[in-house]
Amino acid sequence: MADKQPKSDILLDIRNLRIEATVYPPGEPPKNITLVHDVSLTLEKGKVLGLIGESGAGKSTIGLSAMGYGRGGVRITGGEVILNGRDILKGGKEGFRKLRGREVCYVAQSAAAAFNPAHRLMDQVVEATLLHGTATRAAAEKRAVALFKKLSLPNPESIGERFPHQVSGGQLQRVMTAMALCSEPDLIVFDEPTTALDVTTQIDVLAAIKDAIRDTHVAALYITHDLAVVAQVSDEIMVLRHGRLVEWGGTRQIIKEPRQEYTNALVSVHEIEHQEQKPGTTPFLSVKNITAAYGRSHIKVLKNVSVDIYPGQTLAVVGESGSGKSTLARAVTGLLPPEEGTVTFDGRPLANRLADRPKEDLRQLQMIYQMADVAMNPRQTVGTIIGRPLEFYFGLRGRQRDARVAELLDKIEMGKGFIDRYPAELSGGQKQRVCIARSLAAKPKLIICDEVTSALDPLVAHGILELLLELQKEENVAYLFITHDLATVKSIADSIAVMYRGEVVRYGAKSQVLTPPFDAYTDLLLSSVPEMEIGWLEKAIKGRRMASAGN
Amino acid sequence: MSSPIVKLVAQRIALGILLLLAVSVLIFAGTQILPGDVAQAILGQSATPESLANLREQLGLNDPAFIRYFRWLGGVVTGDLGTAMSSGQDIATSIKGRLWNTLFLAFWAAAVAVPLAIILGLIAVRYRNGWVDKLISGLALASTSFPEFFIGYVLVYFFAVKYQIFPGISTVYDGMPFGERMQAIMLPAAALTLVVLAHMMRMTRAAILNVMQSAYVETAELKGLSAFAVIRRHAFPNAIAPIINVVMLNLAYLIVGVVVVEVIFVYPGMGQYLVDHVTKRDVPVVQAVGLIFAAVYISLNIIADIAAIIANPRLRHPK
């Protein structure tokens, strides 16, 4: 745009935006809460603004306000949203409909859920274009195919014929980006577009999105909780917390010279110094040559997997989704009896099936899950949840049990006041802590942690990792730590097993696994972890030796 | 069509046949348990022990039950439903015309009720929790809650007695002109429509509302589609399986559950026929009608299952 006045370069101008919602707490009268407090921002044509913050920061809510959309009863109660020179909040429903899908398009976090399973991809990609009458069907489809090519999707000519379930997650995310670009909007709202993807897939999608933004000169609001990701694509970054602006500046300034303490905490979140422990002489738990499959399937999810776990140490199992890391946990716990191979515990073989294991063996192996809120009975109090293993394994009752529950709550740095709370009254981090306390209550030798920090905000996850390390020192418990996040692995592991398509491709002490020379897959995995460095993305793409499996 | 669908459909059909066989056993056994037998029923008051024994011998009633079952089943499979004891007529011939009448009535009731229920369901979702939704739900619920004979008589009172628009007795005969026939079935069809409407409507509403929570509905809204287009194009296709299920259940009801309505309007259908012969304790007729009703029920449910399988794009287009 070669306009004379610089002012007309402004595409989006949000002024003093206030967003409220009505909540209905159980047993209390409904009340209004404010989600966004007088946030203002401006976005120039063709620029990318990253909105960053933890969950509940209001970043998605602000992003969707650019389309006049409030998710689940959320209301815009104050301020102005000026898009292309007019306040869209004054346009009414009809006005919103005209701008959605035409001036502003949306790319959701999970494309797998955001595509309608009943329609072919092409019909969905061109739907908005046809609806707003900006092109004929033939022209729109041609444009879509060109976009598929630009986003380096395989078979761009025919991928539109497919249904969503026939395409992988990473590809769907790119098709969704093509869908947003197809109606040639002025602004795209990207709402965590790579969060649900594996790291190795994320990097491809990120690069595709970045190229597409550059080539089409579309402006974007890029919403994410991952600063390293947003640093790759944004011109400017806005840090939000609890619906309020914390800091807003150029990308370099935010990641290199943050002015606010909170931003600083976000930037430096992942660094836990963890001294690697040397493996002892004898492992207490040995997984030997395990092969496993689900049902009577011929597809082996685990192929000849062997790992050892030493007392009081952490074995991290890393890999992408589908690599078999959770299945390994299921085989160790007996939930999925392996077809071949054995699990040895304290020098004797464990029964393959969960039902055949004595109570004592069950006690020794405990588990913590990714989704803490669905791993607890919502109708039981924290005291009951933590007290249950005490009753079940040790027969503790009454005051003895309560005393031990209080002790455990203390260990997870939560006060006695939580005993009578229900899971719904806890934050995500607190829920995970309760789950940790529940597993500790059994005094196990091994806790299997399955993606325990993946659903948490970085700062909260950091706290959980520190707690786990602290508890390991105190209780001498070992962890089998399953994760896709390499930064977490560096902070917590003593030894590492890298899994790829059901096999352990690299295994050894942490220092050894993370020291070159790498095999091709470990190299891909390591080089795909976003770094908080401008220009990292281009460097990483250039340096790759193999393509990721998700594509 | 791809192989998983063929396999699933074949499975459903095989299961259906098996189920029908099981039902035939039950029907046969049920009529055996009832006190008295056909011979007693035929001879009635004039029965003497000798004549009873003779007739039993003649009808083969002394054979073991399973032989009689297979004899009956063999007849059914070859289209011979036996003879009615009360009239001595061939059951298959007298049922044919009546089955046709029942299907005719059910068809027109369904032709009105199904689209109406789905459209009302869509409208209820569009204006969910508003007064339109509540009005639709309330009226539909009311019409279901009234017993069908009550609805039937109310219709007769207004449309046949007071305003005399439609006949109160739905006589139909062979060779009746289509227009007259339609006029004759107007009131029973209306009564049936009112009875089945609410169930289908509420299920449509619930099934679509369930889908309205999905992320892809939000995607559609964010493309700028109107509320109704979102429901019709994006929510409805994904809610179709449960809707088909409840529609089929109601279609089955229209055929096998019309007894009361047929009696009220003296409509010469299967229900009327069944009631007549139950009062006469005409076991072969009751068996035949029971089996036909079971077959209708089972096949409509198989159709619902198959439709739900075909409606699933994951099965229709495997990876």
Worksheet, complete the sentence: Rounded to 0.05, the calculated FRET efficiency for the beta carbons of A:Glu533 and A:Lys142 at R₀ = 41 Å is 0.60
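Pull out the extension gain between B:Thr78 and B:Lys319, defined as 0.36 nm times the separation in residues minus the alpha carbon to alpha carbon distance; nm, one decimal. Each step should come with its number before you reach the end.
Details: separation 241, 0.36 × 241 = 86.76 nm, distance 4.40 nm.
Gain on extension, B:Thr78 to B:Lys319, equals 82.4 nm.
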Item to complete: Measure off 7 Å from each Cα along the Cα-to-Cβ vector at A:Thr515 and B:Asn54, then give the distance between these two points in nanometres to one decimal.
Response: 11.1
Fill in: Ratio of the Cα radius of gyration of the range A:140-288 to 2.2 N^0.38 Å, where N counts its residues
1.36
Discussion item. Given a Förster distance of 22 Å, report the FRET efficiency between A:Thr381 and A:Leu354 from their Cβ-Cβ distance, rounded to the nearest 0.05.
Written reply: 0.20
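Out of every Cα-Cα pair in the protein assembly as shown, what percent are more than 42 Å apart?
It works out to 52 percent of all Cα pairs.
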Worksheet item: Quick one: A:Cys449, A:Cys182, fewest Cβ neighbours within 10 Å first, how do they rank?
Response: A:Cys182, A:Cys449
Practice prompt. Excluding residues fewer than 8 places away in the same chain, name every one of the aspartates and glutamates whose C-alpha is closer than 14 Å to that of A:Lys142.
Written response: A:Asp123, A:Glu127, A:Glu157, A:Glu161, A:Glu184
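Please give the peptides A:312-321, A:521-530 ranked by average Cβ packing (other Cβ atoms within 10 Å per residue), highest first, as a rough proxy for protection. The partial results should precede the final answer.
Numbers: A:312-321: 23.5, A:521-530: 20.6.
The densest-packed peptide leads the list: A:312-321, A:521-530.
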Fill in: Sparse-neighbour loop sites [trypsin sites (Lys or Arg not before Pro); the range A:1-102; at most 16 other C-beta within 10 Å; DSSP]
A:Lys4
Worksheet, complete the sentence: The helix B:178-212 Cα axis meets the longest alpha-carbon principal axis of chain B at an angle in degrees, between 0 and 90 and rounded to 10, of 50
Practice prompt. Could you sort out which of A:Lys325/A:Lys416; A:Lys47/A:Lys539; A:Lys150/B:Lys7 sit more than 30 Å apart by Cα distance in this structure?
Written response: A:Lys325/A:Lys416; A:Lys150/B:Lys7
Worksheet item: Based only on Cα atoms, what Rg/Rh ratio does the range B:96-282 have, Rh being taken as Kirkwood's radius?
Response: 1.07
Discussion item. Given an 8 Å cut-off on Cα distances and at least 6 residues of separation, report the relative contact order of the range B:54-116 as a percent.
Written reply: 14
Discussion item. Taking amide H atoms as placed 1.01 Å from N in the peptide plane, list the residues 5 or more away in sequence, or in a different chain, whose amide H sits under 5 Å from that of A:Arg506.
Written reply: A:Val498
Practice prompt. Calculate the tail of P(r) for the range A:55-134: the fraction of all Cα-Cα distances greater than 14 Å, expressed in %.
Written response: 68
Response to the item:
The distance between the Cα centres of the range A:198-217 and the range A:275-296, in whole Å, is 37
Worksheet item: Residues of B:222-232, mean number of Cβ from any other protein chain within 10 Å of their own Cβ, rounded to a whole number?
Response: 6
Practice prompt. Working from Cα positions, state the angle (0 to 90°, nearest 10) between the long axis of helix A:382-394 and the longest principal axis of chain A.
Written response: 30
Discussion item. Please report the spacing between the Cα centers of the range A:48-72 and the range A:409-464 in Å, no decimals.
Written reply: 28
Worksheet item: Around B:Val258, what is the net charge, scoring Lys/Arg as +1 and Asp/Glu as -1 over all other residues with Cβ under 15 Å from its Cβ?
Response: -2
Worksheet entry | Highest-MSF residue in chain B out of B:Gly60, B:Gly269, B:Gly121 [GNM, Cα springs under 10 Å] | B:Gly60
Discussion item. Given the options A:Ser297, A:Leu440, A:Thr77, identify the residue whose Cα lies farthest towards the positive end of the charge dipole of chain A (+1 on Cβ of Lys, Arg; -1 on Cβ of Asp, Glu).
Written reply: A:Ser297
Worksheet item: If one puts a single equal scatterer on every Cα of the range A:6-267 and applies the Debye formula without solvent, what log₁₀ I(q)/I(0) results at q = 0.10, 0.12, 0.13, 0.15 Å⁻¹?
Response: -0.50, -0.72, -0.84, -1.10
Worksheet item: How many Cβ atoms of partner chains, on average, are near each residue of B:207-219 if near means within 10 Å of its Cβ?
Response: 4
Discussion item. Per 0.36 nm of contour for each residue apart, how much would the distance between A:Asp9 and A:Thr34 grow if the chain were fully extended, relative to their Cα-Cα spacing?
Written reply: 5.9 nm
Worksheet, complete the sentence: At R0 = 56 Å the Cβ-Cβ FRET efficiency linking A:Leu335 and A:Ser152, nearest 0.05, sits at 0.90
Practice prompt. Please sort B:98-109, B:171-182 by packing, taking for each peptide the average over its residues of neighbouring beta carbons within 10 angstrom, highest first.
Written response: B:98-109, B:171-182
Worksheet, complete the sentence: Over the Cα atoms of the range A:239-304 the radius of gyration and the largest Cα-Cα distance (Dmax), both in Å, equal 23.5, 58
Worksheet item: What is the antiparallel percent of DSSP beta bridges lying wholly in chain A, to the nearest 5?
Response: 55
Worksheet entry | Unit charges at the beta carbon, dipole of the range B:96-282: most positive-side option, B:Ala239, B:Leu225, B:Ala207 | B:Leu225
Discussion item. If I take every Cα pair under 8 Å that is 6 or more residues apart in chain B, average their sequence separation and divide by the length, what percent do I get for the relative contact order?
Written reply: 27
Worksheet, complete the sentence: Quick calc: nm separation of the 7 Å Cα→Cβ label points for A:Thr291 and B:Phe146 -> 7.0
Fill in: Debye intensity ratio I(q)/I(0), log10, the range A:109-191, q values 0.14 Å⁻¹ (C-alpha model)
-0.39
Worksheet item: For the range B:103-160, what is the Kirkwood hydrodynamic radius in Å, using each pair of distinct C-alpha atoms?
Response: 13.0
Discussion item. If you average the C-alpha positions of the range B:153-200 and of the range A:96-172 separately, how far apart do those two centres end up, in angstrom?
Written reply: 50
Discussion item. Which one, B:Ser86, B:Ser170, B:Ser299, has the greatest fluctuation when you compute a Gaussian network model over chain B with C-alpha springs under 10 angstrom?
Written reply: B:Ser86
Response to the item:
Looking only at aspartates and glutamates whose Cα falls under 15 Å of A:Lys445's and that sit 8 or more positions away or on another chain, we get A:Asp308, A:Asp346, A:Glu360, A:Asp361, A:Glu474, A:Glu475
Worksheet, complete the sentence: Semi-axes of the range B:171-241 from the Cα gyration tensor (sqrt of 5 times each eigenvalue, largest first, whole Å) come to 41, 13, 9
Response to the item:
Sequence order, the range A:148-154: Karplus ³J(HN,Hα) from phi using 6.51 cos²θ - 1.76 cosθ + 1.60, θ = phi - 60°, Hz rounded, Gly and Pro as x, gives 4, 5, 4, 8, 6, 7, x
Worksheet entry | Helix A:398-411 vs. chain A, principal-axis angle (Cα, 0 to 90°, nearest 10) | 50
Fill in: Inter-chain shielding of A:113-125 (mean C-beta neighbours from other protein chains, 10 Å cut-off)
5
Item to complete: May I ask you to list the lysines whose Cα is less than 21 Å away from that of A:Lys93, ignoring any residue fewer than eight positions away on the same chain?
Response: B:Lys223
Worksheet item: Under a plain spin-label model, where a point goes 7 Å from the Cα along Cα-to-Cβ, how far apart in nm are B:Asp90 and B:Asp63?
Response: 2.0
Worksheet entry | For chain B, built as a Gaussian network whose Cα springs stay under 10 Å, the top-fluctuating residue of B:Leu225, B:Leu187, B:Leu120 | B:Leu225
Response to the item:
Expected vector for the range B:98-112, Karplus 3J(HN,Hα) from phi with 6.51, -1.76, 1.60 and θ = phi - 60°, integer Hz, x for Gly and Pro, equals 6, 4, 4, 4, 4, 5, 4, 5, 4, 4, 6, 5, 5, 4, 8
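Each value in this text was obtained by applying a stated rule to the coordinates, not by laboratory testing. Note that the structure is predicted; figures quoted are calculated from it, not measured. We place every Cβ from the backbone using ideal geometry, glycine too, and count neighbours over all the protein chains shown.
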